[in-house]
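Accompanying notes for the structure given below.
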Amino acid sequence: MKIIKPDSLGLLHRSTHIARQNQLAIGMLAFFSFDKSSLPGLLAEAQMWPFVAEAMGKDAILDEGWAKPCGEFLMFGNAYAPDGKPAIELAVMAEVGSLKKSLFVRGDRHFNKLGLVTAPIPFTSMAISPQNAFGGAASLDNPLGKGLVNLLLPDGASALPLPNIENTSRLILRAGERAPAEGFWPYPP
């Protein structure tokens, strides 16, 4: 048997035995720069793995190789204010084929003593990461996030923060409201 794989594709595989049938799931990974997203612009697989390890962090699992009912895409990165000038909020979107997801990214905010949302603090770059999405220590879905646990402000007061990343159709408006953690990263196993 001869196996041929281009250097520009990573492969994941898993063999399983389900319902008395042997099955093989194969996933392909491609790594490219957004300014060169055509087939000739694919980067070598060897360039992808250090980037993936840094983006996902320690002990993360990219994919366990199980068959999927449809394609998926994962993205890691930041939202950047246009021209490097501080912004209080940005709309970001990821679209691959027919799959599309839109998010709001806002500067740090919290609920004040009256229960009102403070003005966002301007930012030039915000990581689209679980740490900036809804969650907290009491969240099973995203224990790294913010919105469930009070934080200590610079003046020593305590306040409930809002997530920096929210779904455009599910914004948190009142203290105590919950929302799914939003982003482009994988769900943990």
note = At q = 0.11, 0.12, 0.19 1/Å the base-10 log of I(q)/I(0) from the Debye formula over the alpha-carbon atoms of the chain is -0.63, -0.73, -1.39
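Report the gain in length on full extension from Ser33 to Leu9: 0.36 nm times residue separation, minus Cα-Cα distance, nm rounded to one decimal. Display every interim value, and only then the final one.
On the way: separation 24, 0.36 × 24 = 8.64 nm, distance 1.42 nm.
So the extension gain works out to 7.2 nm.
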ask   = Along region 114-119, what does the Karplus equation 6.51 cos²θ - 1.76 cosθ + 1.60 (θ = phi - 60°) give for ³J(HN,Hα), rounded to whole Hz, x for Gly and Pro?
value = 8, x, 9, 7, 6, 5
inquiry  = If I fit a long axis through the Cα atoms of helix 45-56 and take the longest principal axis of the Cα atoms of the chain, what angle between them do I get, 0 to 90°, rounded to 10?
reply    = 30 degrees
ask   = Ser125's amide H: which non-local residues (gap 5+, or another chain) put their own amide H closer than 5 Å, with H modeled 1.01 Å from N in plane and none for Pro or chain starts?
value = Ala81
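What is the antiparallel percent of DSSP beta bridges lying wholly in the chain, to the nearest 5?
Percentage antiparallel, nearest 5: 95.
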ask   = Which residues' amide hydrogens lie under 5 Å from the amide hydrogen of Gly135, considering only partners 5 or more residues apart or on another chain, with H built in the peptide plane?
value = Lys146, Gly147, Leu148
remark   = Under the Karplus relation with 6.51, -1.76 and 1.60 and θ = phi - 60°, whole-Hz ³J(HN,Hα) for region 123-134, x at Gly and Pro, equal 9, 9, 8, 9, 5, 8, 9, x, 5, 9, 9, 5
ask   = Extension gain Lys2-Lys85, at 0.36 nm per residue separation less the Cα-Cα distance, in nm?
value = 24.5 nm
note = Whole-Å distance linking the alpha carbon centroid of region 117-189 with that of region 58-84 is 19 Å
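Please compute the per residue accessible area over the chain with all protein chains in place, 1.4 Å probe, rounded to a whole number of Å².
On the way: 12960 Å² over 189 residues.
Spelled out: the 1.4 Å probe surface of the chain, per residue, equals 69 Å².
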inquiry  = Show me, for region 7-23, the HN-Hα J-couplings you get by feeding each phi into the Karplus relation (A = 6.51, B = -1.76, C = 1.60, θ = phi - 60°), rounded to Hz, glycine and proline as x.
reply    = 5, 8, 10, x, 10, 10, 8, 8, 9, 9, 10, 10, 6, 6, 10, 7, 9
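Suppose a student asked you for the relative contact order of the chain, using Cα pairs under 8 Å spaced at least 6 residues apart; what percent would you report? Display every interim value, and only then the final one.
On the way: 326 pairs, mean separation 30.5, N = 189.
Relative contact order, the chain: 16 percent.
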key: Quotient of Cα Rg and 2.2 N^0.38 Å for region 1-69, N being how many residues it contains   = 1.33
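The values are calculated or read from the model by the stated rules, or taken from the named source; none is laboratory data. The structure displayed is predicted, hence computed values, not measured ones. Protein only, heavy atoms only, side chains kept; ligands, DNA and RNA dropped before computing areas. Shrake-Rupley method; radii C 1.70, N 1.55, O 1.52, S 1.80 Å.
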